[in-house]
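Shown next, in structure tokens, is the structure this report addresses.
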Ligand SMILES: Nc1ncnc2c1ncn2[C@@H]1O[C@H](COP(=O)(O)OP(=O)(O)O)[C@@H](O)[C@H]1O
Ligand SMILES: Nc1ncnc2c1ncn2[C@@H]1O[C@H](COP(=O)(O)OP(=O)(O)O)[C@@H](O)[C@H]1O
Ligand SMILES: Nc1ncnc2c1ncn2[C@@H]1O[C@H](COP(=O)(O)OP(=O)(O)O)[C@@H](O)[C@H]1O
């Protein structure tokens, strides 16, 4: 099993979620994060003083899937999250050793 | 060493934390996340219009432990977070290669 | 490739970010988390009643880097986040199997 | 009509109307005080409750309550209502703002777990019937009417103790009534889920927002000057002493709460209110320094009373309305009998025993009426949210929306 | 000057000044109502727009608008302006607060996507020219002036139907004018990005904060008593009936919204406003129960109207200002002709047909003027933010700062 | 007492009381303006400071300050205080609201790092002693008293320059006094941690909430009409010109800030206040257009002054109270001498030199008194929070609670 993490632009979340749904992904965990990267921040101006905002709002998705689904999930996120403009974000894949569904105690792929 | 991530229902946090404490876990990192899964969202109604809320508030725990403790931690979280109702959440286990305690520079299990 | 996660004291974020920048790290994802550890929480007092605050505000950084950079990143975070006082936080390292840059579709180290 | 009469008449209408509007504004204060003191998931409910109670109060007090209390009905053509430029109408408006405090006070005690409509219903019964009857005895048609000897409480008291029961602006008639009516409701409902653990261990539930609580408290304090000063009920009856005593009592409340609690914001803001509640009854007869003490003692009662209520009696009164409005209101009635006396530099013309008697009478009446009404409501239609509703919060359970929709509907959307 | 005259004169100045300040405060209400109803990224813009519109309105109404409407200019030495202790000046201030409602109303409809300066410009044109001209016909220099027969609408109406057009406090002149002027602006702008999907599917955009929305609504409701009662424009003209009718209509609006919508906080708070908008015109002539019904119907119109507007007509009117101020304002004009009549217990002296005619005249005038002004603005300088600006939000795009700088500038800093 | 006298007397009490309540409300404005401008970790402290300063001010001004300034003591039986229906009492209340502005103004400058009780203490000294003495010279018992020639500044000035120092509503006596008293406090405290880096590099500290800042600014602006108009101090002295000039100056301030700063919300909201501060002194004698300019210049002074203070002088004055109240207040005193003159359409009867002299005298007095008081406090009991306390925030360090307890105590709990 793998964990696929995707850091995306916030307004793309609904689109990505819908796309993942369509390919049968039923579980996603989402969090609000701030990203620092090639995409430049901006400055805000308040009472004549400049604030530099380096960290931009992003949304991070975490999706645990069986190995077989990994390429499809990556492709789906890539397509649906892409605007082609800097700051679109990244996808990271890591290995998951075990999954447990708390409600039932199921383990492994059955628990996803 | 392993990282145990658990996505649970928010109101269960104190119970889970206390249970983990009892088995000697001394460090937990917690974040507010939103979950999408089998548990259905709900609709809210404002000025006659329906908002669909798919993403439900959840809390994510991250616990780094030595390999030996993993089964016990999983079991403890399972028990204390369980309500038996849909949406109780998941536990994911991943491999951790290195741990550093910033304050002391300790590494490995000593740093946990 | 590795994912380096660091849980640090919030007010250290700017310092850590600047230090990472200096060694050429161009991407960081940051989130607000709450930490439970050896650092004692505090009690707050409201209308005569005590609230125990166990979970302290922390900031979590996630940095994906090529294997070669790992030691340098760890060292940099360690140095810049350190106050020497309890609660300075931890660094965790995990393996990353794949990275994708959404904007370009690049994979692997090129995508970092 | 000659110019002077016209001016006087207009002045009275303006005076009452300003008072009414200032106290109407206080209801926003009740709303925000409660909103800040409950958890986020019950904020919308606080707002809608106060507004709905206000609306229902207006209708029942217009149709039933005011006629009971003062024997005046408005079911006549508009032209007839315009007597004295409509003074009766603004007078009604002014007194309505007092009556409508009853459900607003109770609301804060039963917050976060009461059902919506039963709560509105109880409020309607109090404002339409229970409150106006008591009002009629103290201020209204039976207060001075020799032809109603049987129930002329004021007559008995002044017959025996020389002076009737003095409650200038409602420490007892309004505040203690509301606070003591709330007590049975709070007891019947029981504490919020999780408020007390096994063996009665106390788990205080953190409040959502001190800024909003403070906003509510400020709005109340500001409007209170209308509550007290306009209780003169005619422009030429205005008394600068009432204004100053209100100020001094509020300040006494702030200072005592500040010192007793190491600047605890919840107590300091509510201490101001405790001072104001305590002074209503005697604001026209005390010396400003008497008012300072009265308010200070009021705050001390609230601070101690709240802690005893919550930690010893284990009563989950969310805003502390029983010690705040109830007990401190009763203190206000009694204090008028102390600091109103010449001995303490007051104006005199007040009897300690009458004050005590009147104040206690209100307690008994409120407990009895509140007990009966809430008992019946609870047994018949039910008073408390289901456990699941309470956990989801009154906002989602009752109003199908929470206070910050953007946050819960969208994740991180810019 | 003798004492009575001096008192009367001072009383009038105070009366107007209190009214003016109460309505000035309402503009804070407009600001917070909008702030709560838009998304977080447009909150600052809501605040700055209202303040800027107010400032521009003051200057243009002072220099141009008030002279147009009432033929009085202030470009004379201060000493001369002090006639009657400066009554004309506070009278101007009072009427300015009405005029400045026009851009404040429109602001809520065009929120989250209109450019800043074009919006200010349109407001300036309305307050300086379009509104004062209409005002002059109904309340101002051409309302009763036989020497201006050609445009004396009030003269025609009272000639034909026995009574002129009665609009005591501006259901039509102010509210419907603002609401109907907003409609072309909203249509020309088009809906916010993402508001309607393919095939017109509706995607409601969640609002940011019900507490702030409620705060705005409360401020408006409180100030409204100045709006209506001080429309007497002299102390001795004060009418208690106006105060009570305002109250009853507001309450009618709350109750109807409460019951129609299962206690939806957005509708309940705006229902109060709908009631108040509906009553302005006839507040001096209806029976309180007539006012209750008028307000209730107003709220029903708003609730239904808003849903039709949003879901069927697919008009993205963010605060619902067209059904709220526009349609309900028109209803208020007509309702005065119904419930103002003796038949319904009112004071009489009002003609249904005149009310209908006057109310419709305002609709036509507003649509025409609004259509022309916004069409030209849109074609010349442009009215709408760029897509990117809209996505970033008006706060960052226009004001270079967002509503909670600490949150966006620093991450988790304690 | 005949009817007219009674009406006049009641009118005066009402007038003063309305003014007092409006300005009392302004203190909520100070609280929210500060709350919005500081970081979240210092919001509770802002609220509690304002309330505590108010309470302490009331007591010391009652016992010491007012007797110093006006020679009237209230330590007599209540019945004697009721002379003229208690006019002296509401007069005291009204003037207290001015006096209590001193600590409220200072509070904003020293926010986020001053200790609680030393701050309260300094406020008490100013309101009890320093302010009333200056007040006695300009408005009080020594202002016109030939028997106190030695210190009758007004006498000297009018002797030499034809007119005394004219400060109708306190641009100088209140605002500049507060602002210039704050300056030494701010300098002695030094900047907040992290405000200026190595080599004086400026790191602006982001504010927490523009909505709350705006709320504070609105409350202040609304109450200000009581501040200025009720400075007539008797109903029959009311002047419509004062109301209008206040409006015009505020509008001038908004417009100038809007244009100078590209609609920066902090400057626009504070620009309104700058306009109002500038007009207090001359609000009764300027032409409305003169007021517009006076307010506009006031805002320009604030905008430029704030930037110079922060970026060049490196003074960390959190709310900018020195340029806002201090420098702009001084400008207001001087402006009365310019635009009050007949030449600019004003009412005349004012001397430019006297205005300049009086305004500068206040600066010198405030700097001296403030310097001494804060120097001693700092050296003896200490004025500044420890570094650790400052980092945790004043809320936790002083009040043991933060502004949104639910958020910090519970994680994600629904
Ligand atoms: N090496 C990295 N480690 C962790 N997060 C990263 C890394 N690089 C980028 N990110 C995340 O991805 C987001 C987008 O990256 P950025 O470099 O701005 O643009 P792009 O995705 O177009 O290359 C960043 O805001 C950050 O959250
Ligand atoms: N495949 C998954 N990947 C990531 N998170 C998941 C996944 N499946 C479930 N979750 C998380 O677990 C939560 C609970 O899952 P859900 O399917 O609703 O119920 P249950 O845990 O009872 O199966 C979700 O809200 C989501 O946060
Ligand atoms: N075993 C662990 N698993 C996850 N997070 C941990 C663990 N131990 C510590 N942390 C995180 O690191 C933070 C600091 O740890 P703490 O024990 O308080 O101090 P120190 O870092 O000085 O040892 C905690 O608040 C928590 O967020």
Partner shielding of B:3-10, as the mean number of partner chain Cβ atoms within 10 Å, equals 4
Going fewest to most other Cβ atoms within 10 Å around each Cβ, E:304, E:40 line up as E:304, E:40
By the Kirkwood definition, with r running over pairs of different Cα atoms, segment D:1-78 has a hydrodynamic radius in Å of 15.3
Partner shielding of B:12-20, as the mean number of partner chain Cβ atoms within 10 Å, equals 2
Expressed as a whole-number percentage, the relative contact order of segment D:20-125 with C-alpha contacts under 8 angstrom and at least six residues apart is 41
A correct fewest-to-most ranking of D:70, C:46 by other Cβ atoms within 10 Å would be D:70, C:46
Computed curve, segment E:89-147, Cα-only Debye sum without solvent term, log₁₀ I(q)/I(0) at 0.21, 0.24, 0.29 Å⁻¹, is -0.84, -0.98, -1.18
Expressed in angstrom and rounded, the centroid-to-centroid distance over alpha carbons for segment F:46-108 and segment D:203-243 is 18
A student asked for the Cα radius of gyration and Dmax of chain F in angstrom ought to give 21.1, 74
homo-copy label distances at residue E:129 (7 angstrom along Cα-Cβ), nm, one dp, ascending, are 6.4, 6.4
Over all pairs of different Cα atoms in segment C:63-112, the reciprocal of the mean inverse distance gives a Kirkwood radius in Å of 12.7
Under Stokes-Einstein, segment F:290-414 at 25 °C and 0.890 mPa s, with its Kirkwood radius over C-alpha pairs, diffuses with a coefficient in µm²/s of 134
Dividing the helical contributions, -39500 (n - 2.57) per DSSP H run of n ≥ 4, by the residues of chain C yields a 222 nm value, nearest 500 deg cm²/dmol, of -6000 deg cm²/dmol
So, for the Cα atoms of chain A, Rg and Dmax in Å stand at 16.9, 58
Under the 7 Å Cα-to-Cβ spin-label approximation, residue E:407 and residue C:67 lie apart by a distance in nanometres of 4.3
If R0 = 56 Å, then residue E:233 and residue C:52, at their Cβ-Cβ distance, give a FRET efficiency to the nearest 0.05 of 0.40
Against the 2.2 N^0.38 Å rule of thumb, the C-alpha Rg of segment E:362-414 sits at a ratio of 1.82
Taking alpha-carbon centroids only, segment E:1-33 lies from segment D:252-283 a number of Å equal to 33
Taking only C-alpha positions in segment E:161-245, Rg and Dmax in angstrom work out to 19.1, 60
Here the whole-number average of other chain Cβ atoms within 10 Å per Cβ of E:55-63 is 5
From DSSP H assignment alone, runs of 4+ in chain F each adding -39500 (n - 2.57), the sum over residues rounded to the nearest 500 puts [θ] at 222 nm at -20000 deg cm²/dmol
Between residue E:388 and residue D:158, the two model label points (7 Å from Cα along the beta-carbon direction) sit apart by a distance in nm of 8.0
Taking R0 as 35 Å and r as the Cβ-Cβ distance between residue D:379 and residue D:352, the FRET efficiency 1/(1 + (r/R0)^6), rounded to the nearest 0.05, comes to 0.30
Copies of residue F:197 compared via label points 7 Å along Cα→Cβ give distances in nm, shortest first, of 4.6, 4.6
Cα-based Debye curve of segment E:31-147 sampled at q = 0.12, 0.18 Å⁻¹ gives log₁₀ I(q)/I(0) of -0.49, -0.88
If each part is reduced to its alpha-carbon centroid, segment F:374-391 and segment A:47-97 end up apart, in Å, by 48
So, relative contact order of chain F in percent, Cα under 8 Å, 6 or more apart, is 23
Sorted shortest first, the nm distances from the residue E:388 label point (7 Å along Cα→Cβ) to its counterparts in the other copies are 4.9, 4.9
Simple spin-label estimate for residue E:364/residue E:314, 7 Å along Cα→Cβ, in nm, reads 3.1
Kirkwood-based Rg/Rh on the Cα set of the protein assembly as shown evaluates to 0.96
Ranked from fewest to most other Cβ atoms within 10 Å of their own Cβ, B:106, F:390, A:5 fall in the order B:106, F:390, A:5
Sorted on mean Cβ neighbours within 10 Å (highest first), peptides E:381-387, D:332-338 come out as D:332-338, E:381-387
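Any read-out appearing in this document is the output of simple, stated calculations on the displayed coordinates, not a laboratory observation. It should be emphasised that the depicted structure is a prediction, and the values quoted were computed from it without experimental measurement. A quick note on method: Cβ atoms are made from the backbone with ideal geometry, for glycine too, and the neighbour counts reach across all protein chains shown.
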